[in-house]
1. With a 10 Å radius around each residue's Cβ, average the other Cβ atoms per peptide and rank 340-349, 204-213, highest first.
2. Over the chain, what per residue volume does the convex hull of the Cα atoms give, in whole Å³?
3. How big is the range 231-369 by Rg and Dmax over its Cα atoms, in Å?
4. Can you give me the convex hull volume of the Cα atoms of the range 6-91, divided per residue and expressed in Å³?
5. Hey, quick one: spin label on residue 326, modelled 7 Å out along Cα-Cβ, who in the range 259-277 has an amide N within reach, i.e. under 18 Å?
6. Sorting check: for 326-332, 121-127, 64-70, which peptide has the highest mean count of neighbouring beta carbons within 10 Å, and how do the rest follow?
7. What nm value, rounded to one decimal, do you get for the distance between residue 125 and residue 13 when each label is placed 7 Å out toward the C-beta?
8. For the pair residue 213 and residue 228, how long in nm is the line joining their label points, each one 7 Å along Cα→Cβ?
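What follows is calculated from the coordinates using simple rules that are stated; it is not laboratory data. Bear in mind that the values here come from a model prediction, so they are computed numbers and not experimental data. Neighbour counts are summed over all protein chains in view; Cβ atoms, including those assigned to glycine, are modelled from backbone coordinates with ideal geometry.
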């Protein structure tokens, strides 16, 4: 195992103590995502709501810190964790592209009351391909922009107060893609929830952006060169977040593994061997995830291990949750609704921050270029 810095060990213990409260309401949030509003006073939810507006527990280990928190809270309930208000992905984007005044506006809004944020990149039929992005920003005479387009699979969009949206400045090519901050109360912003099987609490939604006005001071990265506003910034954000997604998968896998241990009692023979083997695989995936997080903390562009961790952990979460069901017989999904939920949530993680295929392509590029060492 990899030893955590002492502040992160203490943080992990604190966050782990909150996970039981998340699990107690997991099925309620799964049935009705708006049940999260009844849980805003929970310590874990309050923590997430202010996670990006404060000093890190261990400076220099911000990605590793997010990993530690994500695993423990997802062990409680990934759906509730993802449904919670706070800076989330938009906060990481702001750390990469935002200026001081933009950070002050963003975190000032979050400090006023529990505020959800969302991150809108993926588009229908186009995915997250920068070269095919259809959302556009049309410049206006007063320096502002009008934002048009559609986005899909945007978590928390129906309840968000602030949206970070990627779009192309009209009349430009690939280098014209940038991110903007949108006040979702402004005219032209519309979000509709999508039907989901897993991670229902996150309220994944479809966005329609119809001439949404974006003031000039809400354009992120204006102080940077055009090459650092589009794909560069997306890669930086994903490198920082993919270890956290791997940690979410680990948390789900741990929850299913622990459920078997708690509900089945004493296991013997082949069942004990199977159970122990699953635990060993979870521990091994955690080591990879920690190493990926530390690599990104040391060098934000070093995201190949992050892709490896995300692909491995997402695959493992699906395997562990489906295996856990087999410990309870053919009626397991009906008789153990929490375990059924964990299996559905595990499948949902596969599509967060890029599917396994995307991660493997990224890892292959790292191997081919020599940026990732061969065994």
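1. Numbers: 340-349: 24.4, 204-213: 19.7.
Listed from highest to lowest mean packing, they are 340-349, 204-213.
2. Details: hull volume 53.2 nm³, N = 375.
Spread over its residues, the Cα hull of the chain gives 142 Å³ apiece.
3. Reported Rg and Dmax, both Å: 16.3, 52.
4. Hull volume over Cα atoms, normalised by residue count, gives 81 Å³.
5. 259-261, 264, 267-277
6. 64-70, 121-127, 326-332
7. 5.6
8. Rounded to a tenth, the inter-label distance reads 3.1 nm.
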